[in-house]
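No lab work stands behind these numbers, since they all come straight from the coordinates. Keep in mind that this is a model prediction, so the values were computed, not measured. When we count neighbours, we look across all protein chains shown, and the Cβ atoms used for this are built from the backbone with ideal geometry, even at glycine.
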Amino acid sequence: KQEVTQIPAALSVPEGENLVLNCSFTDSAIYNLQWFRQDPGKGLTSLLLIQSSQREQTSGRLNASLDKSSGRSTLYIAASQPGDSATYLCAVEAAGNKLTFGGGTRVLVKP
Amino acid sequence: NAGVTQTPKFRVLKTGQSMTLLCAQDMNHEYMYWYRQDPGMGLRLIHYSVGEGTTAKGEVPDGYNVSRLKKQNFLLGLESAAPSQTSVYFCASSYTKRRYNEQFFGPGTRLTVL
């Protein structure tokens, strides 16, 4: 059974510092990995999707890497801003078009 | 283009009552999903559908039923609500093609069962 873990569960950084969020998964037979952002009381917004054949994806200040063999993905957010404060979730897709989610990392960027 | 919408946004039920949550998408997606989110546990898949008229069980299906009578709608039913079903429920949809199976999420329904 696929298990997805995100450590730490919470993170607080001063504005301007780079954010590094970690995601690990137990079964490397995945089709893709997605990173989501969730604001309090809101739904999930997809940030980046990395297909299994890719090693990284970039969008603006966001960069996500994927190492299938070691079962790890890292989301980097450069020059963090208070508006980046949210919970970040990673999820892997395996057979059957189903996502398995990690528990999320709650991020607070202090002005 | 509204994307994925959910009704209602909030609901309070008493133990044993029943209710139906409605999810609608206007992106002509084949796949639709229902998840529940509990504190510190991420999202867990309840049921999903790979097309109109089809449904399948996810990770935590007990106590829930679903129906997909129309391609754009996916209904989640609770026949006899229990306090353990207090949660935030999210609906999602995605394209058919695997390479582009990015899931799009609705805003959620916060359900409390007393």
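How far, in nm, would the chain grow between residue B:7 and residue B:30 when pulled straight, counting 0.36 nm per residue and subtracting the alpha carbon separation? Each step should come with its number before you reach the end.
On the way: separation 23, 0.36 × 23 = 8.28 nm, distance 2.01 nm.
Full extension from residue B:7 to residue B:30 adds 6.3 nm.
Kindly state, to the nearest 0.05, the FRET efficiency for residue A:110 paired with residue A:70, given R0 = 41 Å and r defined as their beta-carbon distance. Approximately 0.80, to the nearest 0.05. Partner aspartates and glutamates whose Cα lies under 20 Å from the Cα of residue B:70, excluding those fewer than 8 positions away in the same chain, are identified as B:26, B:30, B:52.
Taking the stretch A:1-76, which trypsin sites (Lys or Arg not before Pro) meet the DSSP loop condition and have no more than 11 other C-beta atoms within 10 Å? Could you put the intermediate results ahead of the total?
Numbers: sites: A:1, A:37, A:42, A:55, A:61, A:68, A:72; in loops: A:1, A:42, A:55, A:61, A:68.
When the trypsin sites (Lys or Arg not before Pro) of the stretch A:1-76 are filtered for loop state and at most 11 Cβ neighbours within 10 Å, A:1, A:55 remain.
Taking a straight line from the alpha carbon of residue A:1, these lysines sit under 18 Å away, with near neighbours fewer than eight places off in the same chain left out: A:68, A:98, B:57. Straight-line cross-link partners of residue A:110 among the lysines, defined as a Cα under 28 Å from its Cα and at least 8 positions apart when in the same chain: A:42.
In loop segments of the stretch A:14-71 as defined by DSSP, the GluC sites (Glu not before Pro) with at most 14 further C-beta atoms inside 10 Å of their C-beta are A:15, A:17.
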